[in-house]
Amino acid sequence: MDEYENLGHMQAVPNPKLNEPHYFIPHHCVLKPNSTTTKLRVVFDASCRTTTQKSINDIQIVGPTIQSKLVTLLLRFRLHRFALTADIVKMYRQVLVSEEHRKFQYILWRSSPHQDIKTFQLNTVTYGMAAAPYLAVRSLHYLADQYVSQFVVGSTVVKSSFYVDDLLCGADSLAELSRIKHEITELLKLGGLELAKWHSNHQRFRGEHTDKDLNLDNSVTSALGLKWDQIHDNFLFYFLPKQPLNGRVTKRTILSIASSLFDPLGLLAPVTVTAKILLQELWLLKLEWDESVPQTIQSAWQTFVNNLSDLAAVKVPRFANRPSLAPTAFGYAVSFRWQQSVGNTGFD
């Protein structure tokens, strides 16, 4: 919170306009020890209802979705020989909110229990507000439109390869990838935005902190939720249950574990289809959410869960194209070689 105030992202309001329409946003902290950057985050709950039984999110216009779909970005990410990812530092907090609207972003805060509670206003787009994603992405697109003549490649990538603050792009040559990185960096600087956490399957385009991590054999990063080994250029899969697996099996526990298998590209479809079939059987039996499942389904489910540990051996190449495709009368001749070896399964 001190950082918020020091950076000008919030400021004290000695005389809040309580006689005008306003809104106080409840907030709390969230601790994430495994984060490499921000271990302690502030979460604002703009869905908290007031005495009118309405929250600021209930009456906000959310705005349309103007960014590419997650699946589209991941599919495009697999088409380039050289891949590049990064994210914008504090993206939402780099976009200022009009002064007349900041009274809807009041918060209460004091740095010490010995101080009086003060009213502050948040000066920037706030994570937790319904319109925040649209406002941030729209500002990014506006910046790209403003400098399209100066950064032709950069503006195109900005409008097509960002998922909110996450960049996923690539190129088929190092020269092209270098130009993309340079133009995006310079373009975003004009809007006060900074890119960090650079990752790539080519060492030349990784950030300094990334190289230090790689020395500790920590080459796995995240690409929109998918685990990506940037050294070997493979997608990896892990199963980390959020709850114990030895408890009572119900429809709720099966759905919870099945939904934790994040697979937007369908690479694990032969695995996840088993969980979907079991869920379908439970729906046909019309069981309640916390009712124990029949013994036959429980046995099948236990076998399925025990086999999930084998997901760690699955490695799917990120690059799904070929370096060069020979043109034919029907477009391009594409051939695939199915690799069936331990630890490397997929198309090459």
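The values are calculated or read from the model by the stated rules, or taken from the named source; none is laboratory data. Since the structure is predicted, the reported quantities are computational estimates derived from the model, not experimental observations. Please note: Cβ atoms are built from the backbone with ideal geometry, for glycine as well, and neighbour counts cover all protein chains shown. Remember, those area values only see protein heavy atoms, side chains included, never the ligands or the DNA or RNA. Shrake-Rupley method; radii C 1.70, N 1.55, O 1.52, S 1.80 Å.
Numbers at a glance
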read-out	value
Per-region count, region 51-82, residues loosely packed, with under 14 Cβ neighbours inside 10 Å and in contact with a strand residue (DSSP E or B) (Cβ under 8 Å, 6 or more places away or on another chain)	1
Flag for residue 102 being in a helix (DSSP H, G or I), open to solvent by 30 Å² or more (accessible area, probe 1.4 Å) and at pLDDT 95 or above	no
Members of region 225-234 that are under 16 Å from the mean Cα position of the chain (by Cα) and open to solvent by less than 20 Å² (accessible area, probe 1.4 Å)	226, 228
Test: residue in region 331-343 that is touching a helix residue (DSSP H, G or I) at 6+ places or on another chain (Cβ under 9 Å), at pLDDT below 85 and closer than 20 Å to residue 222 by Cα	yes
Close pairs from region 139-150: first under 21 Å from residue 90 (Cα atoms) and assigned to a helix (DSSP H, G or I), partner open to solvent by 70 Å² or more (accessible area, probe 1.4 Å) and at pLDDT 95 or above, Cβ under 9 Å, at least 6 apart	140/159; 141/159; 143/190; 144/156; 144/159
Any hit, region 138-148, residues being polar (S, T, N, Q) and more than 25 Å from residue 55 (Cβ to Cβ)	yes
Which numbered condition residue 263 misses (of (1) among the acidic types (Asp, Glu); (2) open to solvent by 80 Å² or more (accessible area, probe 1.4 Å); (3) not in a helix (DSSP H, G or I))	(2)
Qualifying residue in region 8-19 (condition: of a type outside the set (D, E, K, R), modelled with pLDDT under 95 and either under 23 Å from the mean Cα position of the chain (by Cα) or assigned to a strand (DSSP E or B) (or both))	no
Output for region 186-203, where each listed residue is part of a helix (DSSP H, G or I), modelled with pLDDT of 95 or more, open to solvent by 30 Å² or more (accessible area, probe 1.4 Å) and in contact with a helix residue (DSSP H, G or I) (Cβ under 8 Å, 6 or more places away or on another chain)	186
Output for region 165-177, where each listed residue is buried (at least 16 other Cβ atoms within 10 Å of the Cβ) and either over 23 Å from the mean Cα position of the chain (by Cα) or assigned to a loop (DSSP other than H, G, I, E, B) (or both)	165
